[in-house]
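Rule-based calculations on the coordinates, nothing more; no lab input. Bear in mind the structure is a predicted one, so any value in this text is a computation, not a measurement. Note: ideal-geometry Cβ built from the backbone for every residue, glycine included; neighbour counts use all protein chains shown.
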Amino acid sequence: MKNLIKFILFLIYTIGIFFIKDYIVISLIAVFNIILIITLKINMQKAIKNLIKLLPFILFTVVVNILFADLNFAILIGIRLVLVCNLSYIFAKTISYTEFGEVIEKIMYPLKIFGVNPKEIGLVITIALSFVPIMKDEVLQIKNVLKVKGIKPTNFNLIKNSSLIFKPFFISVLQRINEVEMSLKAKAWQE
């Protein structure tokens, strides 16, 4: 129940940020995000690195808004996106995949009326979230294997040697996803 309340507060907070137009209030929200990082003992350097990774997306959004709206609105959107990305990082660090799957299961419970099994939806969400780090690990492993074989992982070489890359990648990823699913089922995720 605690995670469900945390998720609902996260949604309200995230949506609320996009309705605020005052820079002073947005500054207070930024300070609040920093206080959250400190009190929850989240690594500040990793939070900043996460924002830096998302910076191209944020800058693209700001540029598009400069072109189609005014500068003030574009800056406001950029600041809001930074705050939301930061808050999403904080939320992701405070809840595990299985806990989030359980939250989705509780939210989807009313769909039982229509014959939808909320446990299956929670399982699918958990597997999907577990899939992201698996994909990241596999991509890094493939890059290392290519370097050992003397192939530079450029776009042209990736296309040229696609059979060396994609077949083992998909086999490995699907095996690991199957392992995640089996482990979740073994932990009595489904009835």
Might you report the magnitude of the Cβ-based charge dipole of the chain about its Cα centre, with Lys and Arg at +1 and Asp and Glu at -1, to the nearest 20 debye?
-> 640 debye
What distance in nm separates the simple spin-label points at MET44 and GLU138, each placed 7 Å from Cα in the Cβ direction?
-> 3.8 nm
So for the pair ILE5, PHE131, with labels modelled 7 Å out along Cα→Cβ, what separation do we get in nm?
-> 3.3 nm
Rounded to the nearest 20 Debye, what is the dipole magnitude of region 78-146 about its Cα centre when Lys and Arg each give +1 and Asp and Glu each give -1 at the C-beta?
-> 200 debye
Computed Kirkwood radius, in angstrom, where 1/r is averaged over Cα pairs of the chain = 19.9 Å
Rounded to the nearest 0.05, what FRET efficiency do TYR23 and THR94 give with R0 = 25 Å and r taken as the Cβ-Cβ distance? Could you check?
-> 0.35
Once whole DSSP H runs in the chain are found, which of them have Cα atoms spread over 20 Å or more along the helix axis and a mean Kyte-Doolittle score of at least 1.0?
-> 2-17, 23-39, 44-68, 71-94
Pairs of Cα atoms under 8 Å, at least six residues apart: use those to get the relative contact order of the chain, whole percent.
-> 18 percent
Which one of ASN65, LEU81, MET182 is farthest out on the positive end of the charge dipole of the chain, using unit charges on Cβ (Lys, Arg +1; Asp, Glu -1) and the Cα centre as origin?
-> MET182
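So which of LYS46/LYS136; LYS46/LYS160; LYS21/LYS49 end up more than 24 Å apart, counting from Cα to Cα?
Listed pairs above 24 Å: LYS46/LYS160; LYS21/LYS49.
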VAL64 to ALA186: FRET efficiency via 1/(1 + (r/R0)^6), r the Cβ-Cβ distance, R0 35 Å, to the nearest 0.05?
-> 0.15
Rounding to the nearest 20 debye, state how big the charge dipole of region 2-95 is about its Cα centre with +1 on each Lys and Arg Cβ and -1 on each Asp and Glu Cβ.
-> 480 debye
